[in-house]
Amino acid sequence: MSRIAYVNGRYVSHALASVHIEDRGYQFADGVYEVCEVRDGHLVDEVGHLARLRRSLKELSIREPMPEASLKLVLRETIRRNRVRDGIVYVQVTRGVSRRDHYFPPASVKPALVVTARSMDRAKTEAGAVAGVKVITLPENRWARVDIKTVGLLPNVLAKQQAKDAGAKEAWFVDPAGFVTEGGSTNAWIVTKDGIIRTRPAESGILRGITRTTALRMARDLQMRFEEEPFTVEEAKAAREAFFTAATAIVTPIVAIDGQTIGDGKPGPVALELRRRFHEFAEISKD
Ligand code: PLP
């Protein structure tokens with residue numbers, strides 16, 4: 001029997017079911033999901049799962065993709081079409097399809113809804129479970145691995161949207177000790193009161209930006225004073241200049257942090273110089 005998936009309003013062959021490459025779930029992990037057990041053809045704890053789904057959507061400001069009564073019908077129809085008596089039904093809702101950009105898409109973009117169901121061999125899972133299983137332990141690190149450029153960008157998406165809502169371009173994350181780590185999609189820099197370019201070491205709590213590496217090389221080659229040291233929010237607000245770097249931003253001067261003017265409120269000369277001369281120092285492909 002071939003499996004069937006529900007994808008954005010249609011029941012389609014599971015083997016051919018697909019979502020758009022610019023679905024925000026695919027690009028940013030910007031979505032939520034639920035899994036319900038199906039036992040003897042009935043949904044188990046459906047009320048609890050749907051309540052949590054509603055809550056997850058609300059927390060992320062994602063619209064409900066359809067009224068709950070309709071969703072319940074889709075779950076049942078997916079279970080029926082896949083002839084699941086014992087197994088699971090999976091629901092995923094993402095913020096929908098839109099040109100890749102961390103900020104939320106326009107309100108006209110509809111959330112995407114996928115439902116799948118599959119049978120499980122109840123006797124087999126039962127036998128495995130009652131025999132007992134083993135576990136291992138690991139340090140809690142969900143998700144501290146910001147050094148890896150993963151598509152698990154939901155915190156970054158929420159931070160950048162918060163910045164946008166506040167009339168800003170970027171949000172800077174601050175660690176528990178009060179030091180700035182990096183931006184939602186950029187590395188963070190200041191020029192201290194003493195005129196020293198400062199950016200956090202790439203070894204702790206940030207993505208090692210390629211633009212950052214080039215900018216550091218520039219600073220060295222141009223004999224500018226620089227250091228890879230963390231800085232606090234207070235130091236940033238008192239700095240002569242602040243700026244951020246990323247492939248999408250090159251070097252972008254910052255004129256205010258949390259509404260507080262940086263320097264004289266105009267883009268600083270160091271940031272502008274690094275921006276102006278960036279491509280003299282970056283590697284430009286020969287072909
Ligand atoms: N930090 C984060 C979290 C990013 O997502 C990015 C780029 O997307 C950067 C820093 C800057 O990296 P790069 O200079 O390689 O673009």
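Note on the range 6-27: residues that are farther than 20 Å from Ile62 by Cβ and either in contact (Cβ under 8 Å) with a residue 40 or more places away in the chain or assigned to a helix (DSSP H, G or I) (or both) total 3. Taking the criterion of being aliphatic (A, V, I, L, M) and either touching a strand residue (DSSP E or B) at 6+ places or on another chain (Cβ under 9 Å) or not assigned by TED's automatic domain parsing to the domain that holds Asn8 (or both), the residues of the range 38-78 that qualify are Val38, Leu43, Val44, Leu50, Leu53, Leu57, Leu60, Ile62, Met66, Leu71, Val74, Leu75. Of the numbered criteria (1) closer than 30 Å to Ile210 by Cα; (2) modelled with pLDDT under 95, the one Val133 fails is (1).
In the set (1) β-branched (Val, Ile, Thr); (2) touching a residue at least 40 places away in the same chain (Cβ under 8 Å); (3) assigned to a strand (DSSP E or B), the condition left unmet by Val151 is number (3). Report, ordered by the first and then the second residue, all pairs with beta carbons closer than 9 Å, sequence separation of six or more or different chains, a first member in the range 180-195 that is assigned to a loop (DSSP other than H, G, I, E, B), and a second member that is of a type in the set (S, T, N, Q) and buried (at least 24 other Cβ atoms within 10 Å of the Cβ). Going by the 9 Å Cβ cut-off, the qualifying pairs are Thr186/Thr245.
Annotation note: Cβ proximity below 6 Å between a residue of the range 35-51 that is β-branched (Val, Ile, Thr) and a residue that is surrounded by 13 or more Cβ atoms within 10 Å (Cβ to Cβ) and assigned to a strand (DSSP E or B) (sequence gap 6+ or interchain) occurs for Val35/Ile88; Val35/Tyr90; Val38/Gly87; Val38/Val89; Val44/Glu37.
How many residues does the range 265-281 hold that are of a type in the set (D, E, K, R) and in contact with a strand residue (DSSP E or B) (Cβ under 6 Å, 6 or more places away or on another chain)? Show your work before the answer.
Initially, the range 265-281 is screened for residues of a type in the set (D, E, K, R), giving 266, 273, 275-277, 280.
From the residues that got through so far, the ones that are in contact with a strand residue (DSSP E or B) (Cβ under 6 Å, 6 or more places away or on another chain) too are 275.
Result for the range 265-281: 1.
On the stretch given as the range 176-213, residues that are surrounded by 15 or more Cβ atoms within 10 Å (Cβ to Cβ) and more than 8 Å from the ligand (Cβ to nearest atom) total 15.
When Pro269, Pro230 are checked against the criterion of being of a type outside the set (A, V, I, L, M, F, W, C) and touching a Phe, Trp or Tyr at 6+ places or on another chain (Cβ under 8 Å), a single residue qualifies: Pro230. Taken together, the residues in the range 272-283 that are touching a helix residue (DSSP H, G or I) at 6+ places or on another chain (Cβ under 7 Å) and assigned to a loop (DSSP other than H, G, I, E, B) amount to 1.
Applying a threshold of 7 Å to beta carbon distances and a minimum spacing of six or more residues, or different chains, the list of pairs starting in the range 233-252 at a residue that is part of a helix (DSSP H, G or I) and ending at one that is within 13 Å of the ligand (Cβ to nearest atom) reads Val233/Val180; Ala236/Val180.
When you scan the range 253-271, how many residues do you find that are of a type outside the set (Val, Ile, Thr), buried (at least 16 other Cβ atoms within 10 Å of the Cβ) and part of a helix (DSSP H, G or I)? Full working, then the answer.
We begin by selecting, within the range 253-271, every residue of a type outside the set (Val, Ile, Thr); these are 253, 256, 258-260, 263-269, 271.
Among the residues that remain, those that are also buried (at least 16 other Cβ atoms within 10 Å of the Cβ) are: 253, 263, 267-268, 271.
Right, trim to part of a helix (DSSP H, G or I) and you get 271.
The qualifying residues number 1.
The lone criterion from (1) in the same structural domain as Gln162 (by TED's automatic domain parsing); (2) in a loop (DSSP other than H, G, I, E, B) left unmet by Lys286 is number (1). For the subset of the range 232-247 comprising residues that are under 11 Å from Ile197 (Cβ atoms) and away from the ligand (no atom under 16 Å from the Cβ), which member is surrounded by the fewest Cβ atoms within 10 Å (Cβ to Cβ)? Restricting to residues being under 11 Å from Ile197 (Cβ atoms) and away from the ligand (no atom under 16 Å from the Cβ), the top hit is Arg240. Just to be sure before I move on: is Arg122 under 21 Å from Ile88 (Cβ atoms) and among the charged types (D, E, K, R) in the structure I sent? Criteria met by Arg122.
Just one of Val84, Val114 is farther than 14 Å from Leu50 by Cβ, in contact (Cβ under 8 Å) with a residue 24 or more places away in the chain and assigned to a loop (DSSP other than H, G, I, E, B); which is it?
It is Val84.
The values are calculated or read from the model by the stated rules, or taken from the named source; none is laboratory data. As the structure is a prediction and not an experimental result, all values here were calculated from the model. Cβ sites come from the backbone with ideal geometry, for glycine too, and all protein chains shown count toward neighbours.
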